[in-house]
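The values are calculated or read from the model by the stated rules, or taken from the named source; none is laboratory data. The structure displayed is predicted, hence computed values, not measured ones. A quick note on method: Cβ atoms are made from the backbone with ideal geometry, for glycine too, and the neighbour counts reach across all protein chains shown.
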Amino acid sequence: MKPHHPWYDEHMPTQNRIRAIPWEGLAQEPMLTDLEKAYIAGFLDGDGCVMFQLVRRKDYIYGYQIRASIVFYQKTNNRVILDWLKSKLSRGYIRQRNDDMTEYTIVGKDYVVETLHMLFPFLRLKKKHARVAFQIARKWPERFDKKSLLALGILVDKFQKMNYSKKRINTSETLRTFFAEGPRND
């Protein structure tokens, strides 16, 4: 279903589509033109965020997980553009917040890295974020241990600075302290 939006109707031609990178798990790979990729990259640069975060998980053996996500933000009355993005990228979910904002979120290291790889040539402000995400992906182990989780946690800390995050409480130092304190019963 094509969203009806003036920008979409004017700028999104259906002919001359090129293949995107392989997207595991989809019946059909997204077909995006360079114009669409450039638009999506610009949207991410302006009204989006790339995040890698350490998240406390009591059910995880090492107490924490690394969560990767890309989030596009828009006023709820402009949700149609987020619906269009989701239809183009074929993954993630849309959530309407209580403050008249709506978010389109893509979660998962592989999905985030694939999306950034596809948009990379067109990114400007988020190019640094993408490079760190690629570093994390290259170092992501088959199975985590304390050493590998801590090493990736140090890279994840870079997102705190790049995203001007003042509220982030889970850092590699938090992880280091958690490991030093030993087993917990929480």
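A few comments on the model shown:
- Filter result (part of a helix (DSSP H, G or I), over 28 Å from Asp45 (Cα atoms) and not polar (S, T, N, Q)) within region 135-166: Lys146, Lys147, Leu149, Leu150
- Filtering region 40-79 to residues that are within 16 Å of Asp110 (Cα to Cα) and in contact with a Lys or Arg (Cβ under 8 Å, 6 or more places away or on another chain) leaves Val50, Met51, Phe52, Gln53, Gln65, Ile66, Ala68.
- Residues that are of a type in the set (Val, Ile, Thr) and farther than 12 Å from Ala68 by Cα were ranked within region 88-136; the one that is surrounded by the fewest Cβ atoms within 10 Å (Cβ to Cβ) is Ile94.
- Among the residues of region 107-128, those identified as among the aliphatic types (A, V, I, L, M) and either part of a loop (DSSP other than H, G, I, E, B) or under 20 Å from Lys75 (Cβ atoms) (or both) are Leu123, Leu125.
- Evaluating Val55 against the criteria (1) under 30 Å from Thr174 (Cβ atoms); (2) touching a Ser or Thr at 6+ places or on another chain (Cβ under 8 Å); (3) surrounded by fewer than 17 Cβ atoms within 10 Å (Cβ to Cβ) leaves one unmet condition, (2).
- Residues (without any contact (Cβ under 8 Å) to a residue 60 or more places away in the chain, under 18 Å from His117 (Cα atoms) and either of a type in the set (D, E, K, R) or part of a strand (DSSP E or B) (or both)) located in region 35-66: Glu36
- One residue stands out in region 167-182 among those that are part of a helix (DSSP H, G or I) and farther than 9 Å from Gly153 by Cβ: the one that is modelled with the lowest pLDDT, namely Glu181.
- In region 53-102, the residues that are touching a Pro at 6+ places or on another chain (Cβ under 8 Å) and of a type in the set (Lys, Arg): Lys88
- In summary, Ile21 fulfils each of the numbered conditions (1) closer than 17 Å to Glu114 by Cα; (2) modelled with pLDDT of 90 or more with the single exception of condition (2).
- Glu142, sole failed condition from (1) within 30 Å of Trp84 (Cβ to Cβ); (2) surrounded by fewer than 11 Cβ atoms within 10 Å (Cβ to Cβ): (1)
- Identity of the residue in region 145-186, surrounded by 13 or more Cβ atoms within 10 Å (Cβ to Cβ) and free of Cβ contacts under 8 Å to residues at least 12 places away in the same chain, that ends up farthest from the chain's Cα centre (by Cα): Ser148
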